[in-house]
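A.B. asks: Before I ask anything, let me first share the structure, which is written out below as structure tokens.
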Amino acid sequence: MTDEQIRITFTSRLSELTGRGIPVRKAVRDIGNSKTGKKMQTLCGEVGKGLEEGRRLSSVLATCLTIHFPRWYTAFVAASESKDCMGESFAFLAEIMKSRQKSFVSFCTALIYPVTVALICFAASIWAVCMYPSYFENDTITYTNGAAGSFFLSGLFMLTVLFFSVMVLRMVTQPNPCLALMHVLAFLTEKGTSLRESLECAIPVVEKNERLCDAVLAIRDSLLRGEAIESAFSGQLEEAGFSSAAKLIASNVALAESGGGENVFARTAKALAGKADALRTSVLSCEQPVLLACAAVYMLILLKNTLMPYLTGGGLGI
């Protein structure tokens, strides 16, 4: 198993065992005694030893040498240790990691089609060069009206299409950092953690997105100054470029104040997830026709000054 798979398995098993009321120390020992592989047993041995020394689980995981646990993971465990909800916390962490892994797999799967189309087009170019080398012998790559120029332009066009395909697919399949923030805030506040403490825990979750991380820090500072939740969140998120989340937060806070029962952050997360799913579905449904159209343009550029003269008689000596 990879390190990520070990982290997910370890977290899922901890969720299952602690959820049944088994203490963390015994749960770790039980996982280590099961047939889960040598590295997992080493991890459980290291974690178990740290717990026996009287250290907190978050501290043990933060300094673990067998497997690296990211800072957002250990920060979340630290925030959950005093809330008596370790089983639910580990289940939530496992879900986050599975979601991130699923996003990467989804990106790789979506990338298969554009890469396949690009390879077919490049294979057609190589076939043209091999079958009709005479069209390229007296051409220079800077002569855009010749065969070599067509070959160059068509290749450049397809590389550009492939580049933008990767960028767009990555954008629609990667985890939404604002959605992750809302999920964390929803879970922690529902478990009785104060909003300030929840924001402190959420900072490591979004630290890779500099704008959102700065916004979370600014929100925390605004709340400490006594600013209202609605204005603190909507103002800072809007300034950071997350206007959709800012509007949803503002409307959901107003709804909660008027008697809405659902957690503000949970409602916002649900709405953001719906928008992300709709965008992903829309983009993936357009992927095939757009790429086929690009492939057609590619072939037209390539054929204009290579096979067309041959087919019209130029290459037959007519």
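The values are calculated or read from the model by the stated rules, or taken from the named source; none is laboratory data. What you see is a predicted model; the values in this text were computed from it and never measured. Here the Cβ is made from the backbone with ideal geometry for all residues, glycine too, and neighbour counts use every protein chain on show. Accessible surface areas use protein heavy atoms only, side chains included; no ligands, DNA or RNA. Shrake-Rupley method; radii C 1.70, N 1.55, O 1.52, S 1.80 Å.
A.B. asks: Which residues, taken from region 42-70, are hydrophobic (A, V, I, L, M, F, W, C) and part of a loop (DSSP other than H, G, I, E, B)? Can you show your working first?
C.D. replies: Going residue by residue through region 42-70, those that are hydrophobic (A, V, I, L, M, F, W, C) are 43-44, 47, 51, 57, 60-62, 64-65, 67, 69.
Answer for region 42-70, where residues must be hydrophobic (A, V, I, L, M, F, W, C) and part of a loop (DSSP other than H, G, I, E, B): Cys64, Leu65, Ile67, Phe69.
A.B. asks: Mind listing whichever residues of region 1-14 are among the polar types (S, T, N, Q) and either open to solvent by 20 Å² or more (accessible area, probe 1.4 Å) or not in a helix (DSSP H, G or I) (or both)?
C.D. replies: The first filter runs over region 1-14 and keeps only residues among the polar types (S, T, N, Q), leaving 2, 5, 9, 11-12.
Those that are among the polar types (S, T, N, Q) and either open to solvent by 20 Å² or more (accessible area, probe 1.4 Å) or not in a helix (DSSP H, G or I) (or both): Thr2, Gln5, Thr9, Ser12.
A.B. asks: What number of residues within region 80-125 are open to solvent by less than 50 Å² (accessible area, probe 1.4 Å) and more than 30 Å from Lys26 (Cα to Cα)?
C.D. replies: 11
Each row is one residue, and each column tells you yes or no for (1) in a helix (DSSP H, G or I); (2) more than 20 Å from the chain's Cα centre (by Cα).
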{"position": "Val172", "(1), (2)": "yes, no"}
{"position": "Ala180", "(1), (2)": "yes, no"}
{"position": "Gly192", "(1), (2)": "no, yes"}
{"position": "Glu197", "(1), (2)": "yes, yes"}
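A.B. asks: For region 58-69, which residues satisfy the criterion of being closer than 16 Å to Cys201 by Cα and open to solvent by less than 30 Å² (accessible area, probe 1.4 Å)? Steps first, answer last, please.
C.D. replies: Going through region 58-69, the residues closer than 16 Å to Cys201 by Cα turn out to be 58-59, 61-62, 69.
Of everything in region 58-69, those that are closer than 16 Å to Cys201 by Cα and open to solvent by less than 30 Å² (accessible area, probe 1.4 Å) turn out to be Ser58, Leu61, Phe69.
A.B. asks: Kindly check whether there is at least one residue in region 22-41 that is touching a residue at least 40 places away in the same chain (Cβ under 8 Å) and assigned to a helix (DSSP H, G or I). Quick ask: steps written out before the conclusion?
C.D. replies: Filtering region 22-41 for residues touching a residue at least 40 places away in the same chain (Cβ under 8 Å) gives 24.
Still in the running and assigned to a helix (DSSP H, G or I): 24.
The answer is yes; a qualifying residue exists.
A.B. asks: For region 210-295, list the helices (runs of 4 or more DSSP H) that sit wholly inside it and hold at least 2 residues that are surrounded by fewer than 17 Cβ atoms within 10 Å (Cβ to Cβ) and not small (Gly, Ala, Ser); which are they?
C.D. replies: Numbers: elements: 210-224, 229-240, 243-257.
So the answer is 210-224, 243-257.
A.B. asks: Can you run down the residue pairs with Cβ atoms below 9 Å, 6 or more apart or on separate chains, where the first is in region 214-226 and more than 11 Å from Glu239 (Cα to Cα) and the partner is part of a helix (DSSP H, G or I) and among the hydroxyl-bearing types (Ser, Thr, Tyr)?
C.D. replies: Final answer for the pair search is Ser222/Ser231.
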